[in-house]
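The structure under discussion appears below in the form of structure tokens.
The values are calculated or read from the model by the stated rules, or taken from the named source; none is laboratory data. Predicted model only: the values in this text are computed from it and were never measured. Methodologically, a virtual Cβ is constructed for each residue, glycine included, from the backbone with ideal geometry; neighbour enumeration extends over all protein chains shown.
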Amino acid sequence: MLDHGADDHAPLAQALTRAGARVVVTADKRTALAADGLVIAGSAPAADVMPALRALGADQVVDRRLAGGRPVLAIGVGMHLMFTDIVRDGAVTEGLGEWAGVVDCVDAASGEVAVQAPPRSALFDGLEDARFDLPDAHAPRTFPLLEDWPADTRLVVPLVTWSSGEERFVVAVENGPLVALLLRLESSGAAGATVLARWVSSLPSLAPDIPGPTHEPGVNA
């Protein structure tokens, strides 16, 4: 789990440990590259997190991992930063641009949200009636990549999960090795634990042992 210095990562780290991961919270670029799965998470504003990520070289780490098909899980502000721009209080923060699109304030109160997952979702299958903790009412309203998806490509179409409230917005994306969620899974009860466990169980155990604080045997995240 990447330590960008703007959030307390302990609750999510504990939830990942319960899901079967061996968790290392680190600001070391080499460790982030080597891990079986890299988690970028938090609830701090993107304007606070993005400079720290660039200083750590996390933009290069994400690009290299995704180019090699190595899993990245982006949660909360981590998901925000996967898009082109993040707008908050009139200020714009440039994201990593893994996906086109703008994150902006949406008409949804922080709290519980129900989701509408697409067929074949590996994370949300069977959780159609569950509700998840939504800590921040900032989200992308569109996912432009789907609008421009070529009909003749063999590439796998990204799976986008939407909120089911009055204003529809993106709450999760499953796009090959890159998975992103707006939801705070560690405070979403059994449903959140299930989503985390499914992501952890999908990780290949490829990385060498990584120095640092670890938990029970499992994949490195």
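Tabulated values for the structure
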item	result
Members of segment 95-109 found to be closer than 14 Å to Phe169 by Cα and under 18 Å from the mean Cα position of the chain (by Cα), listed by number	Gly101, Val102, Val103, Asp104
Unmet criterion (only one of (1) farther than 28 Å from Val92 by Cβ; (2) in contact (Cβ under 8 Å) with a residue 12 or more places away in the chain; (3) surrounded by fewer than 21 Cβ atoms within 10 Å (Cβ to Cβ)) for Ala117	(3)
Filtered residues of segment 84-114 (kept if of a type in the set (Asp, Glu), under 22 Å from Val62 (Cβ atoms) and in contact (Cβ under 8 Å) with a residue 40 or more places away in the chain)	Glu94, Glu98
Among (1) aliphatic (A, V, I, L, M); (2) in a strand (DSSP E or B); (3) surrounded by fewer than 20 Cβ atoms within 10 Å (Cβ to Cβ) - the single one Val39 does not satisfy	(3)
Of all residues making up segment 3-17, the number that are touching a Leu at 6+ places or on another chain (Cβ under 8 Å) and either modelled with pLDDT of 95 or more or surrounded by fewer than 21 Cβ atoms within 10 Å (Cβ to Cβ) (or both)	3
Tally, over segment 124-140, of residues that are outside any strand (DSSP E or B) and farther than 12 Å from Val160 by Cβ	9
Subset of segment 120-140 that is under 19 Å from Ala197 (Cα atoms) and among the small types (Gly, Ala, Ser) - its residue that is surrounded by the fewest Cβ atoms within 10 Å (Cβ to Cβ)	Gly126
